[in-house]
Structures are given as structure tokens and as C-alpha cells.
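Values quoted throughout were computed directly from the atomic coordinates according to the rules given, and no laboratory measurement underlies them. Computed from a predicted structure; not experimentally measured. Neighbour counts run over all protein chains shown; Cβ positions are idealised from the backbone, glycine included.
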């Protein structure tokens, strides 16, 4: 004969243990067993206000040896998620910091910047100096919200970096309106003042005359030659510039002809005089 105390445990015979957590007024629950251990609910059991989940297994022979999946875990109203770990260059990013995915995206960002100061930041995941400098660059980006910071991963865009003659890291280029590239340099934590001085000098509010320049024409041609940007992104010389080149060429040709004629005339006069 077995005895089943309310809200407790009981032993049936000598081999089975029954978990009974019936509350007052609750209905009896079907039992599920694992060997001699039995539970009144096949899937869950409430003990002292907590919920324990048990698989509905029939003995130990059917147990799985697979590792548990890392789905979100719920504990007392809190959610514990196993998400992707951020890389160091993905941390502390500001809204005005943009990672460049292609050479064409870089060209378009620079051309559409207007008079806004644009800082181009070349880095490598394996560069210790880049990693050490990253938090300070993020702080400067936060304190200069009107400046756009474009980041280029050197390891992912080596052909583009070669075309832009970037051979040392970390490396920075500053662009502003019609002036195009206003300065470029490499710096570390020890020489961060160089970066701050460039921000102070070129980040002031001002208007530049003419369209936004962006990359130089020879750089655009280099990118187009290795099919990193469409050839139509390389600007053609304007009719006015072509006319100037024609006039300069004609002037040089005319000057050479007059000098040549003078020489011939002198030689002729000398011959006549002789």
C-alpha cells in the first residue's frame, strides 16, 4: 500500500518514486516514468512556484547524446540570448560612421557630400595600431556629427587601396567640397593630435565654389581600369577645358612656327649679305 501526501513525494513499493505536486482544487495529472522515477506531468512540473521541464522519455536507452542547441533561455522573465560577437571595428560606431562596401560606393559618397567634411579611414582587422585608435576615432566622430567618417577594410578591398596608393595603416584622408583631398596622413594614439588638428582646420563651416571633387581623376581612372567602378564615373574634360587646351596647343605651335621662320629669314639674309 502506498501513501501519496499532498504537495510531496511518495514511494510506491520499493522501486518507483512518484512526484506529486497537486495543488488544492487541481485535477490529477497523467504520469510519465523514467525507469522507476515517475512524474505526474509528462512535460512539466511546478515545484515551489518554479517550473521544471522534463522530456517524455521511456527509459535511458532512448536518450539523445546530441549537444543542446543554443536557443534563447528564459529565466524569471529575463531573456538570455547567444548572439554573434561584435568585432572590434564594429563596436562603438556612431551614426555618421559608414563602412564602405565597394569602390563605387566610395566614389558616390564623396561626390554627394557637398561641402561636408569627409574623413576616409583605412584600417585592417589585424592592425594593432588601428585597433588601439578605434575608440578615439569613435569619440571624435561623436563630437563631430557634421563630419562623415567612411571606413575601408584594407583586407577586403586591397585592389582599391592599391589604386588609391594606400600602403601604410592606419591611414586617413580628408575631403572637402570643391577642394577635394585637403590632407592625408597616418597617425597612431601617440600622434592623435595630428588628427584633431586636421578636424579643427577643415571641419569649420564654409562654402567652396564649384562642384564637389572627391577622388582625383587619375585615381578614378585607376579604379575603372581594374573594373572596380564603371567607366562613366570617370569625368571627361569639359568643353571649356578642351578649348583651353586647344588654344594653348595652337599658341605653342604658332610660336614655334614664328621662331622657325625667323631663323630661316636670318639665315636667308645672311646668305644674301654674304
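Specify whether the C-alpha gyration tensor of segment 89-231 places it in the rounded, prolate or oblate class, a ≥ b ≥ c being the square roots of the eigenvalues: rounded for a/c under 1.5, otherwise prolate if a/b is larger than b/c and oblate if not.
In terms of gyration-tensor shape, oblate.
Need one number: % antiparallel among DSSP beta bridges in segment 89-231, to the nearest 5. Don't skip to the end; give the middle numbers.
On the way: 12 of 21 bridges.
Bridges in segment 89-231 are about 55 percent antiparallel.
Fewest Cβ neighbours within 10 Å first, please rank 226, 137 accordingly.
Details: 226 12, 137 24.
Fewest-to-most Cβ neighbours within 10 Å comes out as 226, 137.
So, in nm, how far is label residue 188 from label residue 218 when the simple model puts each one 7 Å beyond its Cα toward the Cβ?
3.0 nm
So, by mean Cβ neighbours within 10 angstrom, what's the order for 141-153, 197-209 with the highest one leading?
141-153, 197-209
By count of other Cβ within 10 Å, fewest leading, how are 160, 221 ordered?
Placing the least packed residue first, the sequence is 221, 160.
So how do 87, 131 line up by other beta-carbon neighbours within 10 Å, fewest first?
Working: 87 9, 131 16.
Fewest to most other Cβ atoms nearby, the residues stand as 87, 131.
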